[in-house]
Amino acid sequence: MTQPIVSFSVAAASAAIAGSATRFPVRRIFCIGRNYAEHAAEMGASVDRGNPVFFCKPADALVADGADIPYPSATRELHHEVEMVIALHSGGVYITEADALTHVFGYAVGLDLTRRDLQAIAKAKGMPWDTAKAFDHSAPLSAIRTASEIGHPQSAALTLEINGAMRQQADIAQMIFSVPEILARLSRLFELKAGDLVFTGTPAGVGPLMRGDAVQARLAGVAELRCRIA
Ligand code: MN
């Protein structure tokens, strides 16, 4: 029997590390929803502390700092969600809150880009969120700042500007589920491993992005991300 011919290779996803030529290999991208009370309220959702909302994006949805993002197909309502992102250098199952930060390699700022119109349809019909959340180029990400350099920030301004106008402004101290709580909860559902990223939810002020918009996301003292909607 002849061997099948595989004449292609698949690039492994990775992220930049600030101040380093070394890349962070990315395994999976997890996201939590409804993690700031005012954002849950603006979406008409209630926060259930017993059941955090988790979803995933594919690793190849990452977009590097400075890159253009093509306006996605099949939507007329592309929304920005600025979020702190956790990068893990180890993992496990049933991680305790007390141990959780030992697994954190560093932190970044990212965008959980969302086809809001498709998400609204999915919510109304009780359908999955994949087409609303996990599309190509849906995860712009800054370089990762290592925890060995900056520690584990408990409070930092999280902001998003479009064409120089402030659209989202909050502090990560306002998160409903803290970083240790998120990792503990998520590790009951998935085995977390080195290379995993976790988007930690967006504050209020989400809204539309248009072609040509210049977007600047910042987690003060941690990271900055610039991109343009093409
Ligand atoms: Mn989000």
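The values are calculated or read from the model by the stated rules, or taken from the named source; none is laboratory data. Predicted model, so just to flag it, every value in this text is computed and none were measured. Reconstructed Cβ throughout: ideal geometry from the backbone, glycine too, with neighbour counts over all protein chains shown.
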If I filter the range 208-219 for residues that are touching a residue at least 24 places away in the same chain (Cβ under 8 Å), outside any strand (DSSP E or B), closer than 22 Å to Thr146 by Cβ and aliphatic (A, V, I, L, M), do I get at least one hit? no
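Determine if the range 168-175 includes at least one residue that is farther than 24 Å from Val47 by Cα and not in a loop (DSSP other than H, G, I, E, B).
No - not one qualifying residue is present in the range 168-175.
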Among (1) among the charged types (D, E, K, R); (2) under 20 Å from Arg185 (Cα atoms); (3) within 16 Å of the ligand (Cβ to nearest atom); (4) touching a helix residue (DSSP H, G or I) at 6+ places or on another chain (Cβ under 9 Å), Asp130 falls short only on (2)
Residue ID - farthest from Pro140 (Cα to Cα), chosen from residues in the range 184-205 that are within 14 Å of the ligand (Cβ to nearest atom) and surrounded by 20 or more Cβ atoms within 10 Å (Cβ to Cβ): Pro203
Out of the residues in the range 141-157 that are of a type in the set (A, V, I, L, M) and part of a strand (DSSP E or B), which is surrounded by the most Cβ atoms within 10 Å (Cβ to Cβ)? Leu141
Filtering the range 220-230 down to residues that are assigned to a loop (DSSP other than H, G, I, E, B) and under 18 Å from Thr146 (Cβ atoms), which residue is nearest to the ligand (Cβ to nearest atom)? Val222
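What about Leu160, is it in contact with a Lys or Arg (Cβ under 9 Å, 6 or more places away or on another chain), crowded, with 16+ Cβ neighbours inside 10 Å and at pLDDT 95 or above? Steps first, please.
Working: in contact with a Lys or Arg (Cβ under 9 Å, 6 or more places away or on another chain): yes; crowded, with 16+ Cβ neighbours inside 10 Å: yes; at pLDDT 95 or above: yes.
In short, yes.
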Given the residues Glu161, Glu181, which is the only one that is over 19 Å from Ala223 (Cα atoms), touching a residue at least 24 places away in the same chain (Cβ under 8 Å) and either within 16 Å of the ligand (Cβ to nearest atom) or over 15 Å from the mean Cα position of the chain (by Cα) (or both)? Glu181
Quick check: is even one residue across the range 102-115 more than 14 Å from the ligand (Cβ to nearest atom), free of Cβ contacts under 8 Å to residues at least 24 places away in the same chain and over 19 Å from Val215 (Cα atoms)? yes
Restricting attention to the range 208-226, does a residue exist that is of a type in the set (A, V, I, L, M, F, W, C) and more than 23 Å from Ala15 (Cβ to Cβ)? yes
Top-ranked residue of the range 13-33 - restricted to ones that are within 16 Å of the ligand (Cβ to nearest atom) and in contact with a Gly (Cβ under 7 Å, 6 or more places away or on another chain), ranked as nearest to Asp60 (Cα to Cα): Ile32
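Mind counting the residues in the range 24-33 that are surrounded by 13 or more Cβ atoms within 10 Å (Cβ to Cβ) and either more than 14 Å from the chain's Cα centre (by Cα) or modelled with pLDDT under 90 (or both)? Give the steps one after another, and end with the answer.
Keep residues of the range 24-33 that are surrounded by 13 or more Cβ atoms within 10 Å (Cβ to Cβ), which gives 24, 26-33.
From the residues that got through so far, the ones that are either more than 14 Å from the chain's Cα centre (by Cα) or modelled with pLDDT under 90 (or both) too are 24.
Residues meeting the conditions: 1.
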In the list Ser73, Ser90, which residue meets the criterion of being more than 25 Å from Asp171 (Cβ to Cβ), away from the ligand (no atom under 16 Å from the Cβ) and touching a helix residue (DSSP H, G or I) at 6+ places or on another chain (Cβ under 6 Å)? Ser90
How many of the residues in the range 179-207 are in a loop (DSSP other than H, G, I, E, B) and under 19 Å from Ala45 (Cα atoms)? 7
